Amino acid sequence: MEDSDMTDAPAAPLGNEEEEQVTDLPTPQDATAGASTKLEDMFGDDSDDDDDEFSSSAPARPAASSQPDPQSAPAPSKPRYAEPDTLRQFYSRLFPFRPLFQWLNHSPTPQPDFQNREFAFVLPGGAYIRYQSFASADLFRKQCIQMTPERFEIGPQYSINPRDRKTLRKASAFRPVMKELVFDIDMTDYDPIRTCCSGAAICPKCWQFITMAIKVVDAALREDFGFQHILWVYSGRRGAHAWISDKRAREMDDTKRRALANYLVLVSGNEQGKKTGIKRPLHPHIDRSLKILNPYFQTDVLADQDPWHSAERAEKLLALLPDKTLTTALQKKWDSSPNRSSNQKWSDIDTVAEAGNLSATFTAKQLVEAKQDIRLEYTYPRLDAEVSKKLNHLLKSPFVVHPGTGRVCVPIDTRSLEDFDPFSVPTVTQLLQEIDAWDAEHVGMTEEDRAKVQDWQRTSLKPYVEYFRGYVAGLLKAESAAGKRGREEEGVAGSESMEF
Amino acid sequence: MLAVTSAPRIASNKRTVVDARRQQFAKTRHAPEEYPHRLNFYLVPPAGDIALEQFEEWAIARLKVLGELESCQFRNKTPAETDEHMKPVLDKYMRLSSNASRSGEVQDERKRDHYSHWTLRLAFSSTPDLRQRFARLETQLLKLRMASDDARERRAFIDSLSMSWETLSEEEKITWLDQLKAATNLKRDEEESWFKVAWEKVPELVERRQCLLKRGVAYVHVREQQTMVINEFSRQLETGLELAARNLPRMDEDNRLSPILHHLSQSFVAPDAGYSESSSIGDITTPTAAAIDGLSQHFPLCMQNLHRELRKNSHLKHFGRLQYTLFLKGIGLSLQECILFWRKSFKLIADDKFKSDYLYNIRHAYGDVGGDSNRRGRGYTPYSCQKLLTEPAPSAGQTHGCPYRTYNPDNLLSLLQSVGVSDRTLLQGVKEDVGKQRYHIACNRVFDYAHKAQIKKVKDEGLWSASELDLVLHPNAYFKRSFLLKNLGKVKAGDLGVDGAFGVSSGGAGEKMEE
């Protein structure tokens, strides 16, 4: 769970001291007015509404000495990623606030989608402050730079501004109204079936499970539910999140979210072998998923994971086969020739069964079904479904830094899903070095030319930000088209009702 | 743009006219309601005039129906059993004829149905608890009626509802036939007919993967249509109840309706089979401590078991004692006789010990001692089946509770055999019921078997109405009914003497009484 960073705290106002303090902190405007010239320089182009949101801050950049030493690798005991200084630079120079704002706001100009939305900050000291909200992208950016949260989470849009929730006479008037549909896939749920790593660790072998999961879930969301705006995000360590921004998805209530999540859930991670009975004939969704997953089962599960190699692990496989005669025959075979690989054992099932080691009541069809069940158990996505079921669940924002690994939670381009390598995702320290390296390379450039290339464009974050901007542009386009249609319809209805 | 609602909130013909003086004597201006369908979604509140008596009577009749329906649920009746049980009840209190029946009463019946629904809606909107129960029961009632409706009329009713679904074209059907069949788990004998609806309308089907999804559209088999109608009804009723709750305070000013509504909602609060005074046989005869042995043949298994244990060990543990004492109190045994009964039964216990350890409990159960409220309430009420079935199971050495629940099946069968129930098919039935945790059904099965001849007689001769033969839900009701059935004729003739009757009805008991 550590990776997904969710809070299921009630939406009701929390009367906690610490939070009170933060709400009373000087607002970003005060801070700027508070005469730090450096900051004023940074935000000098606030009023500009063009796309140039990350104007190069090179002139006002703090002294290089404050940057982390490029040579020193972060000590595991005390990671450097969470240091306020690093984070401040990250937020002020690299974080794509404007696209993030547009993504959450669904329009270029601020509207309640963003303004009444809850953000929760996790501060370097470990304090957790909920119910932050911002009138604009710039105010949001200012507070991030000022408070340097280790990470922040995105919650729902509320019926009123979350900061004003205590002014309401009735607490029930404060309720969540809209949020992206979210999914969380976490590698820990795969611990019962992966052999390469466990817990927080991942390797390229087990990352394949996430790849499979993304494929299956993405296909279901697009084909079955007709969602188009799906953003997959690397969670920074060992999992992935999905954010679905379609209007229809955003406006779903808890019942619908639960229904959708349960539609997708087939195998749960915590109870090994406990599946909800898979009905026959297979539901088209399961059938399609199985077709997607079959090739992965051969290569990534049987060959790479080799899940039933040892004798005690092979017992798991036997436990999944419902026929006693068959399992006894297999057991005998594997006892006599140990060290058979999972691949061999898998084909042994058919060979032994064909040799007539089946109970009279157990048909070949049942064997096929049992094998399908096993394939599903070892490949089907294991979702942390609770995250998806609640409208007011908070989920870590894209592009924040994972405090444990320092990696940026970058979006995953599903068109080249197979190429995504979690180990090549840049860390925050690496990114800051890249800016310096670029600067050193381009010493000859004029100040004016340098200013044209924004900080994030000088780093390996560039392709991710570009992908995100493209994705958000698509979303905004669809949104404005729908908005226009909606207004027209409203206009028609309005003229009709004018009679009264 | 100003937000102007597209439809006026109150239809123009139902707007209140401001001039009260003229209004007072004016004729009602609404069109009389027409009910083209037997079923009703109750979307429009009634606007006609009815007498205050009708207002109450119709509501009470509906309440009776809902109460019966709820008790079916508490008894774990299967839909078929519920249907069977409810048929006479519905016919008696809320008959609704189909269009085909051509009965002249059709419109009146439907009007009653319509008005009583809205009366109860008002009465049960006050608390969330009542609202929820009312919505649940009304939904069940609709379900029940829908199932009994004529297929064509049901179709017409469903079509009359404005639900946004669209039947699948032949072309689409052919394209996705295999997927449709797989997704909706089509049985061989079911018709190949589906309809399309936005998936948000059928979240339960999506959740269970029982429909085909294509780009946000759910393809649902027609068999689900009824469920959807019913879900929609329940949804609309719930919002309607919320709305009624908000308007309820205005009713306070009306001193004619609010007492009726209050009374109606009160009578809905305790549905579970409570003990009723009429379960005592005190009005027929006066049971004495000495008569208990003889009467015990009429006891349900839970009490017979306690009685046998008591006779065997001359002792019962606390909860067994409590359960049995209350039962005896329920059959009409007076406190003095009850103390006498226990004193004699605990024959191994010295007087001093009995006085110090047991007497108080008996008196407390009768409300003879204890706090003010205990005394005013005349002690505890005899336990109902529901209580016996829901209390914690007895631990080793304890014998209270319902044996159908607490005994393992084999011990239960031998217990039944030892009290003289040995019919093989009956025992098989009991075993099945118990396996499905339908303990009270098992008990009623035994009752019906033991009183087969008498039940047939009262049914054939029309002595007892159907409602007097419904499921037994209280040990005392079991006793009373058994007692009456076994003494048929004598009760009416007034032949039941204090002791004599038992002597006649069971020879063995008479002898015991001499001791």
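The values are calculated or read from the model by the stated rules, or taken from the named source; none is laboratory data. Just so we're clear, the structure is a prediction, and the values are computed from it rather than from any experiment. Methodologically, a virtual Cβ is constructed for each residue, glycine included, from the backbone with ideal geometry; neighbour enumeration extends over all protein chains shown. Accessible surface areas use protein heavy atoms only, side chains included; no ligands, DNA or RNA. Shrake-Rupley method; radii C 1.70, N 1.55, O 1.52, S 1.80 Å.
Give the average, rounded to an integer, of partner chain Cβ atoms located within 10 angstrom of each Cβ in B:175-181.
That works out to 2 on average.
Run down the lysines and flag those whose C-alpha is under 25 Å from the C-alpha of residue B:457, throwing out any fewer than 8 positions away in its chain.
Straight-distance partners of residue B:457: B:87, B:92, B:480, B:486, B:490, B:492.
For the stretch B:277-514, what relative contact order do you get, as a whole percent, if you take Cα pairs closer than 8 Å and at least 6 residues apart?
Relative contact order for the stretch B:277-514 comes out at 28 percent.
Ignore the peptide's own chain and count Cβ atoms of other chains within 10 Å of each Cβ in B:162-174; give me the average, rounded.
The mean count of partner-chain Cβ atoms within 10 Å per residue comes to 0.
Rounded to the nearest 100 Å², what is the sum over both chains of accessible area buried where A meets B, with a probe of 1.4 Å?
Using a 1.4 Å probe on protein heavy atoms, the buried area is about 2300 Å².
Too long at a 23 Å Cα-Cα cut-off: which of B:64/B:431; A:215/B:214; B:317/B:387; A:247/A:389; B:344/B:387; A:179/B:196?
Cα-Cα > 23 Å for B:64/B:431; B:344/B:387; A:179/B:196; rest within.
Before anything else, pin down the relative contact order of the stretch B:163-224: Cα pairs under 8 Å, at least 6 apart, normalised by residue count, whole percent.
37 percent
Below 16 Å, Cα to Cα, which lysines can residue B:436 reach? Residues fewer than 8 away in the same chain don't count.
Correct list for residue B:436: B:77.
Could you give the dipole magnitude of the stretch B:171-245 about its Cα centre, charging the beta-carbon of Lys and Arg +1 and that of Asp and Glu -1, in debye to the nearest 20?
Rounded to the nearest 20 debye, it is 240 debye.
On average, how much accessible surface per residue is there in the stretch B:163-224, in Å², for a 1.4 Å probe, leaving out ligands, DNA and RNA?
Accessible area per residue: 52 Å².
May I ask you to list the lysines whose Cα is less than 16 Å away from that of residue A:345, ignoring any residue fewer than eight positions away on the same chain?
Excluding near neighbours in sequence, the set is A:316, A:332, A:333, A:371.
Hey, got the dipole for the stretch A:314-370? About the Cα centre, +1 on K and R Cβ, -1 on D and E Cβ, debye to the nearest 20?
Around 100 debye, computed over the stretch A:314-370.
Compute the distance from the alpha-carbon center of the stretch A:181-254 to that of the stretch B:403-441, in whole Å.
Answer, in whole Å: 52.
With all protein chains present, how much of the accessible area of the stretch B:163-224 (probe radius 1.4 Å) comes from carbon and sulfur, to the nearest whole percent?
On the stretch B:163-224, the fraction of accessible area on carbon and sulfur atoms equals 46 percent.
Which residues of the stretch A:192-226 show a drop of at least 30 Å² in accessible area when all protein chains are present, compared with their chain alone (probe radius 1.4 Å, heavy atoms only, ligands and nucleic acids excluded)?
Listed in order, they are A:223, A:224, A:225.
Can you give me the orientation-averaged projected area of the convex hull built on the Cα atoms of the stretch A:302-379, in nm²?
Averaging across all directions leaves 4.6 nm² for the Cα convex hull.
With r as the distance between the Cβ atoms of residue A:424 and residue B:44 and R0 = 51 Å, compute the FRET efficiency 1/(1 + (r/R0)^6) and round to 0.05.
E between residue B:44 and residue A:424, to the nearest 0.05, is 0.20.
With the other protein chains left in place, how much accessible area per residue, in square angstrom, belongs to the stretch A:304-435 at a 1.4 angstrom probe?
In whole numbers, the stretch A:304-435 has 41 Å² accessible per residue.
Can you report the principal axis dimensions of the stretch B:163-224 using only the alpha carbons, biggest first, rounded to whole angstrom?
Ordered largest first, the stretch B:163-224 gives principal extents of 27, 22, 20 Å.
Considering only protein heavy atoms, what per residue accessible area in square angstrom results for the stretch B:277-514 with a 1.4 angstrom probe?
Solvent-accessible surface per residue comes out at 48 Å².
Select from the stretch B:128-198 those GluC sites (Glu not before Pro) which occupy a DSSP coil region and have at most 10 other Cβ atoms within 10 Å, ordered by residue number.
In loop regions of the stretch B:128-198 (DSSP not H, G, I, E or B), the sparsely surrounded GluC sites (Glu not before Pro) are B:191.
Enter the mean number of other protein chain beta carbons within 10 Å of the beta carbon of each residue in A:258-267, as an integer.
Mean inter-chain Cβ contacts per residue within 10 Å come to 4.
Calculate, for residue B:99 and residue A:331, the FRET efficiency according to 1/(1 + (r/R0)^6) with r their C-beta to C-beta distance and R0 56 Å; round to the nearest 0.05.
0.25
Take the alpha carbon gyration tensor of the stretch B:277-514, find the square roots of its eigenvalues, order them as a ≥ b ≥ c, and report rounded if a/c is under 1.5; if not, report prolate when a/b exceeds b/c, else oblate.
Oblate is the answer for the stretch B:277-514, as a/c is 1.5 or above yet b/c matches or exceeds a/b.
Under a point-charge model restricted to the Cβ atoms of Lys and Arg (+1) and Asp and Glu (-1), what is the dipole moment magnitude of the stretch B:277-514 relative to its Cα centre, in debye to the nearest 20?
That gives the stretch B:277-514 a dipole magnitude of about 320 debye.
Could you compute the FRET efficiency for residue A:478 and residue A:417, with r as their C-beta to C-beta distance and R0 at 25 Å, rounded to 0.05?
Plugging the Cβ-Cβ distance into 1/(1 + (r/R0)^6) gives 0.65.
Ranked highest first by average number of other Cβ atoms within 10 Å, how do A:153-162, B:284-293, A:311-320 line up?
Listed from highest to lowest mean packing, they are A:153-162, B:284-293, A:311-320.
Quote to one decimal, in nm, the extra length available between residue B:414 and residue B:174 on full extension: 0.36 nm per residue of separation minus the C-alpha distance between them.
80.4 nm
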